[in-house]
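The values are calculated or read from the model by the stated rules, or taken from the named source; none is laboratory data. Since we're looking at a predicted model, the values are computed, not measured. Note: ideal-geometry Cβ built from the backbone for every residue, glycine included; neighbour counts use all protein chains shown. Surface accessibility is based on the protein's heavy atoms, side chains included, excluding ligands, DNA and RNA. Shrake-Rupley method; radii C 1.70, N 1.55, O 1.52, S 1.80 Å.
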Amino acid sequence: MTEKKFFKLHGHCKFVEGSNGACIYNLMSGDIIELNDKFQNAFEQYSEKQGLSMTDNFEVVNELVEANLGFLTTQNNIYVDEVNFSISPMFEPVLAPNYTISNIFLEVTNECNLNCLFCSGDNMIIRSTGCKKYGSNTTGINEIDYESIIEQAKMLNVERVIILGGEPLLEMKKLENILKLCLKFELTPVIYSNGTILFTDVLKELLTKSNGEVIIQSLFNNDKDYVRYTGENRVWQKQKETIDDLLNKGIKVTAMILIGRFNDTMENTAIHYFADKKIPVTTQYIMPYPENDFYSIRLKEDLLDRRNFLSRVNSLTFYKNKKQQFCFSNMLAIDHNGDIFACPLLRDFSLGNVNTHKLREIFDNDIYLNLISLSK
Amino acid sequence: MDNYFVFETINNNKYIFDNNTGFVMPFTDIDEYIICNFEQLDRTTMYLNLKEIFNISEKEFNNRYSIIENYRTMGIWINKREPKYITKDQYFKKLMDYPASQLILIVTNECNMRCKYCIYSEMYPNTITYSSKKMDFQVAKRAIEYYMELHKKKVLQGYRKAPLITFYGGEPLLEYKLIKKIVQYIKNNYENEVEYYITTNGLLMNEEVSEFFLKNKFRVTLSLDGDKLNHDRNRVTKDLKGTHKIIMKNLTKYFEMHNAMNKEMQPMLSFNCCFDDYSSANAIIDFFNNNSLLRDKEFYVFFSQINPYGDTKYYDYCDECAKQGIIKSNKNTWRMEMQQIHDEFLEKIKLGKKVSMPEKSLFASYYFFRNRGISQMPNTCNSCIPGSKIAVNAEGDFFICERMVERFPIGNINSGLDWSFIKPLFEQFFEIVESNCSDCKVSKMCQLCFMHLSFGKEDKLEFNKRFCETTKNQLKELISNMYSILEINPDAFKEENLYDREKIF
């Protein structure tokens, strides 16, 4: 008589059931494995204690073992610990680690030298981080003490200072000041730029010394398309000059191509140019919501499918994300007037102003607490 | 050196405990081979050997190997420790990041009781004794100013919790007027919400004091050794009279006052219950479970074995009392009764039955272990670091802990935390850990702290062999017991609210 076998998930594999389906998170590889009906039915019988009977679920179990999501045992009572690197809820009140954030976003201006057709001064979110002309709810320009902000950020364990616009290079002096401060406090600066304004020697030197990075936001690989969409001449030529100049100085450059219906076949993007120069490329998309004339109709279905935008998780972030919204809890953003936000895209919820609030005070703000509790 | 150990449950299942991170995994002979030979053999050789020994398929080997390889990248099964040294800058950074902060004001060394096991008593000939030293308000004020400044710095670095000020003695309520003055001073001078905590013997906890505690949301730990017999055996007044009756009377008033003031909120009360070999565990548990005053109340009990370490005559005194018939129980009473209570407790947990809070308190180590963090152990082990707590004596000297007062200073109200005092303490601590704990397979779970090393005669930290041996044995047994239970009830000990430690510490 053959021994009865049971399947149990590995400690780093978590079965999660939601209202629209179920999946297994592999916290080692970061994979999220969506389960079809056959698997979901089988997992209705799965329990931490009993596992799954091999006899009753032969096909499903074989596939799960094949995918290395669990193991077979003849002892159904074996207990499998979670590979959970977060603090247990029981100890959270006692061992509450300090509030920390990794990134601070500084929008040094909301002005831009380009006039992209799809970019307006509203606050609607149509894509992820990058340049955008945001409207401002505040009047007048506040003087901002960047030294104080960066010193506070350092104390909160910030690693990267991400400088945004509009176009940040329109504010050369501010930018220079911030880069000097990054150097002083040993933080890594990252600048988003459209690449049409050359970096000064001082900026380049500061970027080199602080191991900084420039992210060039790109649309096209030719001046003609740029003229049509930005109203400016020689944008592509200027971008190339800027990129070459930065690369010559050994400064890390990344390209971010914004995809809309104007370039969604990728034929008129600079992807090959960047590949030839060994420049890493990421893509961002103009989203279909709110309704607009620029998102890619061809990609609409993919853009609306949240599965295409899932981020990978591991044994620390999976448990952390269950408690805290992973994005908001890892950053703060400050606009050109000093208003503080949980995210550079979330302009409707001001959490305070750097002239009246310490960054640390934001963590006790009710809006902030609500935002970070928007956990999945 | 291997930094893990293999244990078996009652069902003969094998598990491996990783001492670097605290992670436990079911364990097969194949896993054992891969883990043990990971650094010695290349992958192909390992596979060929395993194929020969266990007839393992390549797919199965690759699956197991990749898991072990990945777990190792997370620090599991590798002997990786933080360096055993700390610079001044690293210390102050660590202090800022440390998730606790507390100022302990030893407001007096005087006590209105003469507990037999008190560290100030003649049972501990080599430690300090009772004295009339009292804290002056100015000393308290300077200590508070220093502490609040330190707390402010911590907050700017992301610290989450409110300042916590603890009153300790001797018997702190002998200085009730000073305590009131301090609380008022804080109210007048600081905007922060400050939390207060007091450990008291309860003799002076009259209506006025109870009202003051409740109004100011004091967390109170009351020393009460359970039933009258066990309590009155040791906890006596200066004229050797038992104190159980008066404390229960004061406790009644406290609860009445609480009911009158705020019925909605549970009182923030816990008990400190000391026991020795002769104590009846049954009687103590029965008291906390069934006493009419305590029934239906939420409270935690800190069960503390009367300190057997260091140079104490207390246990000889107990033996003598037993010989003379003053103590009626025998030397095995606690051990034997505990064995039975322990078995019954595990049986209830196994079956998912309800257990009382005092029982949970008594076996808190199961809950601590079950809810342990999986992470690399810091070089200071599980100990507080000097300065995370600051205990201040009447002269304004700073000490690591309220249980280490008058020895091992770490600064004072004038100079603040003083690295020149703290550095040698760290060095001694690291040296002891390096020499004695490097090959320990359960050090991740050990509660060793500076206090455990402070019982030597010299003014130097000293390895505590007895603590070490007892802890090692207890932890290994506890781990095996716990996984035997988890195999039957995977939800066992998974309490999110064993008690609100926030309210206690």
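Brief remarks on what is shown
- In order through region A:92-107: 3J(HN,Hα) via Karplus (6.51 cos²θ - 1.76 cosθ + 1.60), integer Hz, x for Gly, Pro: 4, x, 8, 9, 3, x, 4, 4, 9, 9, 8, 10, 10, 9, 10, 8
- Filtered GluC sites (Glu not before Pro), region A:251-309: DSSP coil and at most 11 other beta carbons within 10 Å: A:267, A:291
- Kirkwood Rh and Cα Rg combined as Rg over Rh, evaluated for region A:224-278: 0.98
- Residue pairs exceeding 19 angstrom between C-alpha atoms, taken from B:215/B:389; A:14/B:80; B:84/B:444; B:161/B:181; B:389/B:423: B:215/B:389; A:14/B:80; B:161/B:181.
- For the protein assembly as shown, the antiparallel share of DSSP beta bridges with both residues in that region comes to about 40%.
- Heavy atoms of residue A:171 accessible to a 1.4 Å probe, total area in Å² rounded to 10: 60
- The overall shape of region B:72-151 is oblate: from the C-alpha gyration tensor, with semi-axes ordered a ≥ b ≥ c, the ratio a/c is 1.5 or greater and a/b is no larger than b/c.
- Radius, Kirkwood style, for region B:96-220 when every pair of distinct Cα atoms is counted (Å): 15.7
- Per-residue Karplus couplings for region A:70-86, computed as 6.51 cos²θ - 1.76 cosθ + 1.60 with θ equal to phi - 60°, are listed in order as x, 9, 9, 9, 8, 9, 6, 8, 4, 9, 10, 6, 6, 8, 10, 8, 9 Hz, Gly and Pro entered as x.
- Only Lys, Arg (+1) and Asp, Glu (-1) charged, at Cβ; region A:274-357 dipole about Cα centre in debye: 560
- Estimated from the Cβ-Cβ distance and a Förster radius of 51 angstrom, the FRET efficiency linking residue A:16 and residue B:122 is about 0.25.
- Listed residue (B:98, B:86, B:76) projecting farthest to the positive dipole end of region B:69-111, Cβ model: B:76
- For region A:14-30 and region A:312-366, distance of Cα centres in Å: 26
- Dividing the summed -39500 (n - 2.57) terms of all DSSP H runs of n ≥ 4 by the residue count of the protein assembly as shown sets its mean residue ellipticity at 222 nm at -10500 deg cm²/dmol.
- Under the simplified labelling scheme, the residue B:286-residue B:55 pair shows an inter-label distance of 6.0 nm, with each label point 7 Å from Cα along Cα→Cβ.
- Over 24 Å [Cα-Cα, region A:149-292], rounded percent: 35
- When the trypsin sites (Lys or Arg not before Pro) in region B:233-331 are filtered for DSSP coil states and for at most 16 other beta-carbon atoms within 10 Å of their beta-carbon, the remaining sites are B:238, B:241, B:263, B:295, B:297, B:313, B:328, B:331.
- Considering the protein assembly as shown at the alpha-carbon level, its Rg and Dmax are found to be 31.9, 106 Å.
- Among residues other than residue B:6 with Cβ under 13 Å from its Cβ, the summed charge is -3 (Lys and Arg +1, Asp and Glu -1).
- Percent antiparallel among DSSP beta bridges (both partners in chain B, rounded to 5): 40
- Cleavage-rule hits (GluC sites (Glu not before Pro)) in region B:256-343: DSSP loop, at most 10 neighbouring Cβ within 10 angstrom: B:264
- Two-decimal log10 I(q)/I(0) for region B:1-84, as the Debye equation yields it once each C-alpha is a single scatterer, q = 0.18 Å⁻¹: -0.80
- Alpha-carbon centroid distance for the pair region B:19-52 / region A:77-118, whole angstrom: 35
- For region A:1-103, the average shadow cast by the Cα convex hull is 9.0 nm², which is a quarter of the hull's surface.
- For region A:247-253, the Karplus equation 6.51 cos²θ - 1.76 cosθ + 1.60, evaluated at θ = phi - 60°, returns couplings of 5, 4, 8, x, 7, 5, 10 Hz by residue, with Gly and Pro reported as x.
- Cα-based radius of gyration for chain A, normalised by 2.2 N^0.38 Å, reads 1.16.
- Cα convex hull, region A:275-370: 193 Å³ per residue, rounded to a whole number.
- For region B:242-401, size of Cβ-based charge dipole, Lys and Arg +1, Asp and Glu -1, in debye: 520
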